[in-house]
Amino acid sequence: MGLKTYKKETESPVPPKRLFKAFCLDSHKLFPKLLPQAFESVEFVEGDHTAVGCIKQVNFPAGHEYKYAKHRIDALDEANFYIKDTTIEGDVLGDKLEYIVNEAKYEVSSSGGSVCKLTTSFHTKGDAVLEEDKVEMGFEKMHKLFKAVEEYLIANPQAYA
């Protein structure tokens, strides 16, 4: 099994507490609402959505390149705005990936907003090689999602306050 890890940072004017609540704790409701063209639904197939070990399934709409992905919550620290999850199943893994681990930490920035520090580790099958352009496309999609949540929170200052 191979391993390829990427680290990304994104700044936002929104405080960490609000971003974390929206992006990590309530994503199952918010993502399909904000981007129905990208998310048909997000449902919990095992456990409580605020508990470590729960598994949620992201269902993508008809015509999307993928059908679904299952994510397991491995760590959740609401006080420190930290989450770790593993993509354990779904056609998003393709024939090259065993699983994907994401760790996100939301911190206060010097401007009073947030810095989201994301670490993504791709665990490949055997000695499979990742296509860098596909990895970058995935990060671009994640960035667009982040910006959609950020825009929603800016436009709705009472949401997730």
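The values are calculated or read from the model by the stated rules, or taken from the named source; none is laboratory data. A quick note: this is a predicted structure, and the numbers were derived from the prediction, not measured. Cβ placement follows ideal geometry from the backbone for every residue including glycine, while neighbour counts extend to all protein chains displayed.
In region 48-67, what residues are buried (at least 16 other Cβ atoms within 10 Å of the Cβ) and either part of a strand (DSSP E or B) or of a type in the set (Gly, Ala, Ser) (or both)? Give the steps one after another, and end with the answer.
Taking region 48-67 as the starting set, the residues that turn out to be buried (at least 16 other Cβ atoms within 10 Å of the Cβ) are 49, 54-60.
Of everything in region 48-67, those that are buried (at least 16 other Cβ atoms within 10 Å of the Cβ) and either part of a strand (DSSP E or B) or of a type in the set (Gly, Ala, Ser) (or both) turn out to be ILE55, LYS56, GLN57, VAL58, ASN59.
Would you check which residues across region 73-106 are closer than 15 Å to PRO15 by Cα, within 16 Å of the chain's Cα centre (by Cα) and surrounded by fewer than 17 Cβ atoms within 10 Å (Cβ to Cβ) and list them?
The one that is closer than 15 Å to PRO15 by Cα, within 16 Å of the chain's Cα centre (by Cα) and surrounded by fewer than 17 Cβ atoms within 10 Å (Cβ to Cβ): GLU78.
Quick check, is PHE23 among the aromatic types (Phe, Trp, Tyr) and free of Cβ contacts under 8 Å to residues at least 24 places away in the same chain?
no
Under the condition of being in a helix (DSSP H, G or I) and aliphatic (A, V, I, L, M), which residue from region 1-31 is farthest from THR120 (Cα to Cα)?
LEU30
PRO32 versus (1) in contact with a strand residue (DSSP E or B) (Cβ under 9 Å, 6 or more places away or on another chain); (2) closer than 21 Å to GLY94 by Cα: which is the lone unmet condition?
Single failed check for PRO32: (2).
Please determine, by comparing only the residues of region 17-62 that are touching a Leu at 6+ places or on another chain (Cβ under 8 Å) and among the β-branched types (Val, Ile, Thr), which one is modelled with the highest pLDDT.
Looking at the filtered set, the residue picked out is VAL52.
Of all residues being more than 15 Å from the chain's Cα centre (by Cα) and surrounded by 13 or more Cβ atoms within 10 Å (Cβ to Cβ) in region 17-43, which is farthest from LYS117 (Cα to Cα)? Just the residue, please.
Within region 17-43, the match that is farthest from LYS117 (Cα to Cα) is GLU40.
With respect to SER121, is the statement that it is touching a residue at least 40 places away in the same chain (Cβ under 8 Å), of a type in the set (Ser, Thr, Tyr), surrounded by fewer than 18 Cβ atoms within 10 Å (Cβ to Cβ) and in contact with a helix residue (DSSP H, G or I) (Cβ under 9 Å, 6 or more places away or on another chain) true?
No; evaluated as a whole, the condition is false for this residue.
If you go through region 103-161 one residue at a time, how many are hydrophobic (A, V, I, L, M, F, W, C) and not in a helix (DSSP H, G or I)?
So in region 103-161, the residues hydrophobic (A, V, I, L, M, F, W, C) come out as 104, 108, 115-116, 118, 122, 128-130, 135, 137, 139, 142, 145-146, 148-149, 153-155, 159, 161.
Okay, now just the ones that are also not in a helix (DSSP H, G or I), so 104, 108, 115-116, 118, 122, 128-130, 159, 161.
The number of residues fulfilling the criteria is 11.
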